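Novice: Would you mind keeping the following structure in view while I ask a few things?
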Amino acid sequence: MSESAEGTITGAQSLVRSLEAADVDVVFGIPGGAILPAYDPLMDSKSVRHILVRHEQGAGHAAEGYAYSSGKVGVCMATSGPGATNLVTPIADAYMDSVPMVAITGQVPSAAIGTDAFQEADISGITMPITKHNLLITDPAEIPRAIAEAFHLASTGRPGPVLVDIAKDALAAQTTFEWPTTLDLPGYRPNTRPHSKQVREAASMIVDAKKPVFYVGGGVVRAGAAEQLRTLVELTGIPVVTTLMARGAFPDSHPLNLGMPGMHGTVPAVAALQKSDLIIALGARFDDRVTGHLPSFAPKAAVIHADIDPAEIGKNRHADVPIVGDAREVIIELVSAIQAQYAAGKSSDYAAWWSQLNKLRDEFPLGYDTPANNETAPQQVISRIGQIAGPDAYYVAGVGQHQMWSAQFIEYEKPGHWINSGGLGTMGFAVPAAMGAKVGSPDSVVWAIDGDGCFQMTNQELATCAINDIPIKVAVINNGTLGMVRQWQSLFYNERYSNTDLQTHRIPDFVKLADAYGCHGLRCESPQEVDATIEKAMSLNDAPVVIDFQVHKDAMVWPMVPAGTSNDMITIARSLAPAWERED
Ligand SMILES: Cc1ncc(C[n+]2csc(CCOP(=O)(O)OP(=O)(O)O)c2C)c(N)n1
């Protein structure tokens with residue numbers, strides 16, 4: 001990188017050097033006026049690859065997908081004003097799901113800030129409530145420290161998005177580059193080591209409980225604590241439920257796993273929480289989609305709540321034993337504290353609890369109806385993709401029915417291989433996030449399982465995938481409708497289908513669209529063709545593949561706890577509730 005005779009470089013060069021120093025290997029973005037100075041030296045970087053996306057929302061979700069599959073911080077870049085505001089959705093998404101991400105935006109020159117200048121938007125103000133931290137930089141000398149802090153904040157403690165907004169004049173001005181060796185962040189000291197007294201108290205409650213359950217959330221995936229979790233679970237023999245964000249944190253094939261709790265959870269998982277006398281929450285946040293109507297959630301349970309973020313503890317449900325700490329460290333300490341209890345002669349007997357849960361497991365396995373007229377069940381497509389692609393593949397979903405079926409019918413064995421928008425529920429997440437996941441793990445198979453509605457929000461990134469040799473596989477679960485909304489209309493609005501019919505069996509033609517984007521396009525119109533179509537897609541690796549799976553439009557996601565009602569109201573099919581009360 002060229003330096004002036006005085007040894008100075010531009011702020012833009014300093015930014016690129018900072019990204020190199022932060023070990024960034026890929027940035028997803030789109031240039032524009034305010035960020036343009038940064039794009040010039042970016043062209044010369046030997047280690048930072050820039051992938052030109054087609055929409056900034058795609059850049060943000062790609063950064064998220066990349067973070068999931070690589071374990072590194074995802075980076076996206078955009079210009080001021082509309083470029084920056086197009087990043088708002090993925091920033092909010094990353095915030096809700098604690099995804100480590102750094103977003104870099106250009107800002108209008110500092111003298112123009114506040115004048116409603118062309119393409120001015122107060123992006124740091126706009127994103128204040130949806131970023132872990134954000135900075136507006138007007139002094140070029142501050143660039144290296146800002147970038148170093150951003151990466152540190154995004155990836156430590158509870159991960160999340162950090163925005164660095166840099167005024168154009170700071171990018172253009174001369175400065176010197178100095179990468180900070182230490183960071184001084186007063187007030188930021190995430191407490192990763194749990195308090196041993198709390199851990200001992202938790203261990204003794206766990207050993208004494210009759211009906212305990214591990215309620216495992218996305219924090220366990222973020223903390224890289226899956227192995228430690230397995231040790232803890234096998235030591236105790238306590239049932240496990242894995243939330244939407246934690247699918248894969250504990251193997252689905254393991255006999256102690258009851259599956260996903262919540263609105264579309266399995267009956268045994270929902271019952272395990274509802275009927276327990278002790279919930280051990282690990283990196284989970286008592287989200288309304290898990291608890292249902294909060295006052296009636298798990299009425300007899302005491303709660304041990306371990307989380308890296310103290311603000312989560314007691315937010316929705318009182319914690320009898322709060323533990324602030326990194327999930328991995330908490331679990332390691334819990335294992336030794338429980339071993340100490342056993343060594344001191346204490347023992348637990350969960351036989352009656354397991355027999356209650358096993359009865360539910362036998363009686364209410366996940367399943368689905370086969371549609372009439374030789375139509376394809378969407379669940380069959382998704383389940384076969386999971387079986388054919390296997391547990392080493394990454395599965396990225398959009399939002400809607402196909403997302404819930406992907407959470408239910410694919411067997412996850414490894415943490416981080418299930419990628420979805422859980423907190424914000426962002427339609428359009430799948431294609432760009434799958435693109436990012438494939439960039440982060442180029443040798444892995446990456447499937448986007450998308451709805452026909454979601455797919456139409458961000459499929460422009462297929463062009464990015466085709467041009468940049470990112471061969472993802474996209475299964476469009478085409479039911480011709482905004483399926484999840486239609487399901488609610490079927491159940492709660494007397495089957496009045498106001499504005500949910502997309503008519504996607506006619507327009508657009510997804511196979512032709514795939515072709516137009518330089519992708520392979522396949523169509524599957526009957527259940528007999530499902531396996532052969534998936535296998536064909538698996539064999540095509542020279543370009544992205546898009547499959548139009550034409551499926552039955554009235555399939556529903558079951559079980560379901562209607563929004564705002566008690567988990568006791570779980571139904572396994574229309575108007576059919578399990579009679580689990582008799583188990584007590
Ligand atoms: C950006 C955005 N807009 C609206 C919604 C509300 N919403 C949730 S699911 C859904 C329907 C999704 O339809 P589709 O992608 O076809 O998936 P399906 O439910 O049919 O599987 C809608 C509109 C949302 N979650 N995100």
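Computed from the coordinates by the stated procedures, all read-outs in this text should not be read as laboratory data. Everything numeric in this text was worked out from a predicted model, so none of it was measured. Reconstructed Cβ throughout: ideal geometry from the backbone, glycine too, with neighbour counts over all protein chains shown.
Novice: Based on the Cβ-Cβ distance from ILE113 to TYR493, what FRET efficiency comes out when R0 is 51 Å, to the nearest 0.05?
Specialist: In this case the efficiency is close to 0.60.
Novice: Using the alpha carbon gyration tensor of region 1-153, what are the three equivalent-ellipsoid semi-axes (square root of 5 times each eigenvalue), largest first, in whole Å?
Specialist: Rounded to whole Å, the semi-axes are 22, 19, 14.
Novice: Any chance you could list P(r) for region 353-400, counting all Cα-Cα pairs in 5 angstrom bins from zero, rounded to whole %?
Specialist: It works out to 5, 15, 15, 16, 18, 17, 12, 2, 0, in whole percents.
Novice: Pop out the ³J(HN,Hα) list for region 29-42 in order, Karplus 6.51 cos²θ - 1.76 cosθ + 1.60 with θ = phi - 60°, rounded to Hz; leave Gly and Pro as x.
Specialist: Using θ = phi - 60°, the values come out as x, 9, x, x, x, 5, 9, 3, x, 6, 6, 5, x, 4 Hz.
Novice: Taking every pair of distinct Cα atoms and averaging 1/r, then inverting, what Kirkwood hydrodynamic radius in Å comes out for region 167-226?
Specialist: 17.1 Å
Novice: When only Cα pairs under 8 Å and 6 or more residues apart are kept, what is the percent relative contact order across region 16-142?
Specialist: It rounds to 24 percent for region 16-142.
Novice: Here's another thing I want to ask about it. If the chain between LYS553 and ILE467 were fully stretched, how many nm would it gain, using 0.36 nm times the residue separation less the Cα-Cα distance?
Specialist: 27.6 nm
Novice: Still on this model: Quick one: which of 331-338, 172-179, 36-43 comes out on top by average Cβ neighbours within 10 Å, and what's the full order, highest first?
Specialist: Sorting 331-338, 172-179, 36-43 by mean packing, highest first, produces 331-338, 36-43, 172-179.
Novice: Take every Cα pair under 8 Å in region 133-221 that's 6+ residues apart, average their separations, divide by the length, and report that relative contact order as a whole percent.
Specialist: This gives 30 percent for region 133-221.
Novice: 5 Å is the cut-off here: which amide hydrogens, built 1.01 Å from N in the peptide plane, fall below it relative to HIS505, excluding neighbours closer than 5 in sequence?
Specialist: Correct list: empty.
Novice: A further question on this structure: For ALA343 paired with GLU525, estimate the spin-label separation in nm (one decimal), with each label point 7 Å from Cα along the Cα-to-Cβ line.
Specialist: 6.9 nm
Novice: Given the convex hull over the Cα atoms of region 268-371, what projected area results after averaging over all orientations, in nm²?
Specialist: About 8.9 nm², averaged over all directions.
Novice: On to the next question. Sort TRP558, TRP354 so that the residue with the fewest other Cβ atoms within 10 Å of its own Cβ comes first and the one with the most comes last.
Specialist: Result, fewest neighbours first: TRP354, TRP558.
Novice: Here's something else I'd like to know. GLY71's amide H: which non-local residues (gap 5+, or another chain) put their own amide H closer than 5 Å, with H modeled 1.01 Å from N in plane and none for Pro or chain starts?
Specialist: Hits under the 5 Å cutoff: none.
Novice: Now for a separate question. P(r) for region 412-504: what percent of alpha-carbon pairs falls in each 10 Å bin, starting at zero?
Specialist: It works out to 16, 41, 29, 12, 3, in whole percents.
Novice: Related question: From Cα pairs below 8 angstrom and at least 6 apart in sequence, can you work out the relative contact order of the chain, rounded to a whole percent?
Specialist: Once normalised by length, the contact order is 14 percent.
Novice: Could you state the orientation-averaged shadow area of the convex hull built on the Cα atoms of region 304-347, in nm² to one decimal?
Specialist: The Cα convex hull of region 304-347, projected and averaged over all directions, gives 3.4 nm².
Novice: Then there's this: Could you estimate the translational diffusion coefficient of region 219-302 from the Stokes-Einstein equation, with Rh from the Kirkwood formula over C-alpha pairs, at 4 °C and 1.567 mPa s, in whole µm²/s? Please list the in-between numbers first.
Specialist: Numbers: Rh = 13.0 Å.
Rounded to a whole number, D works out at 100 µm²/s.
Novice: At a Förster radius of 51 Å, what calculated FRET efficiency corresponds to the Cβ-Cβ distance of ALA579 and THR181, to the nearest 0.05? Write down the numbers at each step before the final one.
Specialist: On the way: r = 64 Å, r/R0 = 1.26.
Efficiency for this residue pair is about 0.20.
Novice: Right, something else. What does the charge dipole of the chain about its Cα centre add up to, to the nearest 20 debye, if the Cβ of each Lys and Arg holds +1 and the Cβ of each Asp and Glu holds -1? Could you put the intermediate results ahead of the total?
Specialist: Working: 41 positive and 64 negative charges, 248 e Å.
Computed charge dipole of the chain: roughly 1180 debye.
Novice: Please list the non-local residues whose amide H lies under 5 Å from the amide H of ILE51, H modeled 1.01 Å from N, same-chain partners needing a gap of 5 or more.
Specialist: For ILE51, whose amide H was placed from the backbone, the distant partners under 5 Å are VAL27, PHE28, GLY29.
Novice: Can I ask one more? So for the pair THR370, GLU413, with labels modelled 7 Å out along Cα→Cβ, what separation do we get in nm?
Specialist: 2.8 nm
Novice: Now, a different point. For region 540-569 and region 8-24, what is the centre-to-centre distance using only Cα atoms, to the nearest Å?
Specialist: Taking the Cα centre of region 8-24 as reference, the centre of region 540-569 is 44 Å away.
Novice: With each label point set 7 Å from Cα along the Cα-Cβ vector, what nm distance links SER196 and LEU540?
Specialist: 6.0 nm
Novice: Would you mind telling me the antiparallel percentage of the DSSP bridges in the chain, rounded to 5?
Specialist: About 5 percent, rounded to the nearest 5.
Novice: Sticking with this one: Over the Cα atoms of region 153-284, what radius of gyration and what Dmax do you get, in Å?
Specialist: So, for region 153-284, Rg and Dmax equal 20.6, 67 Å respectively.
Novice: Specify the inter-centroid distance of region 140-157 and region 416-478, based on alpha-carbon positions, in whole Å.
Specialist: Centre-to-centre (Cα) distance: 28 Å.
Novice: Right, next: If you average 1/r over every pair of different alpha-carbon atoms in the chain and take one over that average, what Kirkwood value in Å do you get?
Specialist: Evaluated over the chain, this radius sits at 24.9 Å.
Novice: Over all pairs of distinct alpha carbons, what does the Kirkwood formula give as the hydrodynamic radius of region 471-522, in Å?
Specialist: Taking every pair of different Cα atoms in region 471-522, averaging 1/r and inverting gives 12.6 Å.
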